Each structure stands twice: as structure tokens, then as C-alpha cells.
1. Peptides 239-247, 386-394: what's the order by average Cβ count within 10 Å, highest mean first?
2. Would you mind pulling out the separation of the Cα centroids of segment 106-155 and segment 444-467, in Å?
3. ARG358 label point, 7 Å along Cα→Cβ, cut-off 19 Å on backbone N: hits in segment 382-396?
4. State the answer as a single residue: which of ILE82, ILE239, GLN265 lies farthest towards the positive end of the charge dipole of the chain, with beta carbon charges of +1 for Lys and Arg and -1 for Asp and Glu, about the Cα centre.
5. Would you please give the FRET efficiency between HIS276 and ASP475, computed as 1/(1 + (r/R0)^6) with r the Cβ-Cβ distance and R0 = 30 Å, to the nearest 0.05?
6. If you line up the long axis of helix 68-79 against the longest principal axis of the chain, both from Cα atoms, how many degrees apart are they, to the nearest 10?
7. Rounded to the nearest whole Å³, what is the per residue volume of the convex hull around the Cα atoms of segment 355-464?
8. VAL379: net charge of surrounding residues, Cβ under 13 Å, Lys/Arg +1, Asp/Glu -1, itself excluded?
Amino acid sequence: MTIETVTEQPKKQVSKKLIAIVIAAAVVLIGGAVSAFFFFNLSPKEQYFLAEKKSAEFIAEQFEKRFQSEKEWAEHARNNPIEQSIQLSAEYQDPNGLFIDETIQQMINHSSIAINSAVDLKNKVVSADLQANLSDLKLSGLEVYLTSEQIMLGLPFLDELLQIDETSLNKLLNKMDPYAFPDDETFKFDAFFEQMSGSAFEEDWEYLKSEYLAFIYEELPEEAFSTETDSIAIGNEDIKAEKLTMNLSEEEIKALLQSLFDKMQKDEKLKEILEHHFSAQLGSPAKEVSEMLEAFDEGLQLAKERLDSHLQIPNGMTSIIWTHKDLIVQREFSIEFGPSEDELMKLEIAGTQQLNDREQTFDYEINIEDFSMENALKVKGDFAVKDDETTDSFTISMDDVELSYKGTETKDGNAKEFEREIGIDVNAGYEQFAGSLIWSGNAAYEKDKMNTEHQLSLDVEGLQPDMLSLIIHTDAKTVDEVTLPEDQPTKDIGAMSEAELMDYIETDIAPQFQEWLFTTFGGFMSEL
């Protein structure tokens with residue numbers, strides 16, 4: 001084996017797009033931030049953010065009620081060892097053999113893949129194995145074991161497990177690519193378990209909410225808010241609503257952005273959060289993470305320096321909400337911004353929503369316009385609950401393209417059955433296409449076990465209904481512990497030198513792989 005050394009690449013420059021994204025994201029954050037404060041004598045500013053807070057909490061509560069069983073099981077799996085089996089199979093029906101001949105059809109219909117896993121997030125142990133049944137051919141022996149210290153891999157043609165710890169893994173990767181994997185930096189297997197549990201994300205999100213939403217709230221000037229009583233039409237009903245307006249001038253927005261960027265630059269906790277989440281992605285090696293953080297700092301600094309020269313907001317920003325019974329029923333938002341007054345982009349959001357325990361509906365239109373184009377994005381949704389049955393619909397449309405979702409769900413205790421359809425409709429001149437993914441199934445959740453069955457099929461013009469279906473069956477249960485193999489021999493490839501590793505691959509792995517390949521697939525291939 002030859003291991004090449006990659007020469008160091010030149011440092012990437014911070015793009016203008018990064019600067020624009022930083023500024024735009026901050027502007028949107030200001031317009032839509034939700035305050036966490038309650039006051040007895042409410043000023044217009046306090047009323048505005050309290051309405052945002054209550055509306056957001058109401059939607060979150062309805063979402064949690066809808067998926068209470070799934071949430072409880074996820075929490076249970078986070079705190080207990082879980083054993084799970086996922087089986088995938090397919091059904092193909094094409095009696096005329098228009099696309100696939102009968103032999104291949106039979107092979108598809110008599111094949112399946114099973115993934116068996118066990119996870120203990122508290123003790124940081126994962127085991128998984130893959131089994132496949134391809135017609136009469138059975139494959140097994142692919143195994144993976146992961147702890148916070150090491151990873152072990154079992155291959156079907158080896159009697160021993162391949163083992164490597166995270167320090168040795170980094171050394172091996174360093175030999176392959178020293179630019180991306182420096183000697184003194186390693187992948188942390190702990191990050192994998194943190195991602196699966198979601199605990200780190202929840203802690204970081206709570207910090208960002210408490211730190212930055214509170215900061216924005218305090219920085220916004222009281223005089224930017226006003227209130228008045230108004231009469232509006234929601235659906236077929238005229239209601240009396242409280243109209244709350246936030247109107248920020250260009251100077252106020254820039255002053256707030258300047259303060260926000262200053263705070264972000266000095267916030268070491270924020271940088272730790274970014275570094276942690278960049279590092280948690282196995283596709284982001286240490287060197288790349290360092291460059292991302294450096295680009296983030298440089299982007300903030302350039303954004304600060306160019307606020308006056310590269311950002312124009314001639315009409316400021318206006319956000320209006322109408323509230324009824326303390327919840328938002330209508331919203332309007334508008335802003336024009338760009339690098340110069342000749343290159344302004346206009347963003348407008350307008351729509352209505354109705355929130356109650358039995359039904360949540362919303363109808364919004366988002367208009368984006370600049371000197372070269374104009375687009376309108378329409379978003380509609382209706383989520384209704386009656387007794388133990390729910391009916392949902394959701395559409396997103398722009399020009400001649402529409403994405404849609406329709407679903408029904410019936411609940412009986414801890415069990416539920418559902419039918420869902422995700423569709424796309426494109427009608428743009430000569431480009432016409434319509435089709436949908438049909439997703440049906442059932443699920444049952446108990447305190448210490450869970451099982452689900454999902455069936456996915458396509459409804460597309462030109463294909464027979466249910467021509468191809470994918471079936472996914474899942475069984476999960478609580479176990480006492482997740483164990484690792486103790487009686488199986490292991491080979492620590494991390495402790496090998498480069499020469500020893502090459503010799504092991506050439507004299508052990510390669511010959512056994514070739515023999516297994518011929519023995520396993522030789523007869524199978526001859527029958528095709």
C-alpha cells in the first residue's frame with residue numbers, strides 16, 4: 001500500500017456571499033425573535049414579544065400532543081439500552097415485464113435486508129450487524145461495534161475483528177492526508193453519542209435562546225413599538241384584534257447589528273458551540289473546522305466594517321402582528337435591503353393563521369423581489385384533530401411548481417394507523433410532471449417496546465399503481481445491557497506499523513476476500 005502525503009492547500013478567502021448571509025440572517029433574527037419575558041404592565045414592545053412567545057408555545061404544545069408517543073419513546077431510548085431490528089423488503093409487480101424481466105422481479109420479491117442494532121447512549125456502546133437475503137443467497141457477518149474509546153469491524157471473510165482506537169485512527173488518517181488530519185487532533189467518538197442523544201444540541205440551543213433573544217430584546221428601542229385596536233377579517237369572521245407594530249429605521253437596524261456582531265465576536269461560548277458541532281460531523285476534519293471558525297470570525301469583522309458602505313435599508317423594517325385572545329392571527333413583514341439603492345431586494349411576508357385546540361390553519365405569501373426577478377412563495381396548512389382522528393394538509397407553491405402533503409391518522413390507545421401522500425406538480429410550459437409518494441403504515445408504542453411498519457410506493461403517470469413498494473418493519477425493545485464480543489479474536493490494526501499493515505492486507509485480508517467472493521457469489525452469478 002502506498003500512502004501519499006497531501007501538500008498544504010492555500011487558505012480560502014472569505015466570500016462575499018458569507019458576509020451577505022451573516023447580515024441577512026441577523027436581520028431575519030431581529031424581525032422574528034421570540035422573547036421569554038412576562039410583565040404585568042405591558043408596554044407595546046412587551047405585548048409584541050409576549051404574543052410571539054405565546055403563539056410559538058401554543059404551536060409547540062400542539063405538536064407535542066400530536067407526537068406524544070414518539071416523544072416518550074425517544075426519551076426512553078435516550079435513557080435505556082435499546083435493541084432494534086429494521087427489516088427492508090420490496091414488492092415489484094410488472095406482469096408484462098415492461099421494465100424488468102420476470103427473473104429479476106422474482107429476485108426483488110424474495111430479497112430482504114435486516115439491520116440489527118443495540119444502543120446504550122448512557123454507557124456509550126453501539127453494536128450493529130447487517131444481514132441480507134438475496135433470493136436464495138444469504139449474506140451475514142458484517143458487524144460494527146463502537147464505544148467512546150474504540151471501533152471494531154467484523155467482515156464476513158475474516159475470523160477476527162479489526163480494532164482501532166480514536167488516537168490510532170487519527171494517526172492513520174494523518175499518514176493518508178496530513179493537511180486534513182494533523183497529528184495533535186483526533187476524531188472524538190464521544191461526539192457520535194452526543195449527536196444521537198441530542199443532549200448537547202438542547203443545551204446549546206437553550207444557551208443561544210437565553211443569551212441572544214434576551215440581548216436582542218433589550219437592544220430594541222421602546223419607541224420602535226406601537227399598539228392600537230383594529231378590526232380584521234379572518235376567514236368568514238370579523239374580529240376585533242390588537243394591532244402591534246415594530247418599525248425600525250435604517251440607523252436602528254445598523255446599530256443593533258453592530259452590537260450583535262460585537263457580542264458574537266466576544267462570545268467564546270458561541271465559538272465553542274460552533275466548534276463542537278462542526279467537529280461532530282465526521283465530514284468536517286479538525287483542519288477544516290479551524291478554517292470554518294476562522295472564516296466565521298473574518299465574516300463577522302467584514303460585516304461590521306461594511307455595514308454602512310455595503311448595506312442600504314432605505315425604508316427600514318416594519319413588522320406588524322394582529323393578536324386575538326393573546327395569539328397571533330395575522331402578520332405583515334416588509335424590508336428592502338441591498339448593497340446599494342440600485343440593487344435592493346424586497347422581502348414581504350403577509351398572511352393569517354388560526355390557532356385552537358382542534359385546528360391550526362395558516363395561509364401566508366412570501367414575496368421576494370429585486371431588480372432582476374420577482375417570486376411569490378405561497379404556504380398553506382390545515383391541521384385538524386377530531387376525537388382520535390387527525391387530518392392534515394400542507395402546500396408550498398411558487399410559479400408553476402407545487403409541493404403538497406396530505407395525511408390522515410387514526411389513534412387507538414398507544415397504536416396508530418396512518419396514510420400520507422407527498423406530491424409534486426410541475427406545469428411549466430413543456431416541462432410537465434406530476435407524481436406522489438404514498439406512505440402508509442401503523443405504529444404501536446408501549447413503555448418498553450415499540451414496533452412500526454411503513455409501506456412506500458409511487459403514484460406516477462406512466463407507472464402502474466403499486467408497481468414498486470418498499471416495506472420497512474421495525475421492532476425495538478428495552479434490554480438489560482449492550483454487550484461486546486468477548487470470545488472473538490481481534491486484530492489491533494492501530495498498533496501496526498505501515499509495513500505491518502500493508503503485509504496484513506496483502507497476505508491475510510486480500511486472499512480471504514477473494515476466496516469468499518468466489519465461494520459466495522460464483523454460483524449465484526452463473527444463474528443470472
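The values are calculated or read from the model by the stated rules, or taken from the named source; none is laboratory data. Predicted model only: the values in this text are computed from it and were never measured. With ideal geometry, Cβ positions are generated from the backbone for all residues, glycine too; neighbour counts draw on all protein chains shown. Surface areas here come from the heavy atoms of the whole protein model, side chains and all, with no ligands, DNA or RNA. Shrake-Rupley method; radii C 1.70, N 1.55, O 1.52, S 1.80 Å.
1. Details: 239-247: 17.7, 386-394: 13.2.
In decreasing order of mean packing, 239-247, 386-394 become 239-247, 386-394.
2. What the calculation gives is 22 Å, centre to centre.
3. Inside the label zone: 382-393.
4. In the chain, that residue is ILE239.
5. Numbers: r = 34 Å, r/R0 = 1.13.
It comes to 0.30.
6. The angle comes out near 50 degrees.
7. Working: hull volume 15.4 nm³, N = 110.
Dividing the Cα hull volume of segment 355-464 by its residue count gives 140 Å³.
8. Summing Lys/Arg as +1 and Asp/Glu as -1 gives -1.
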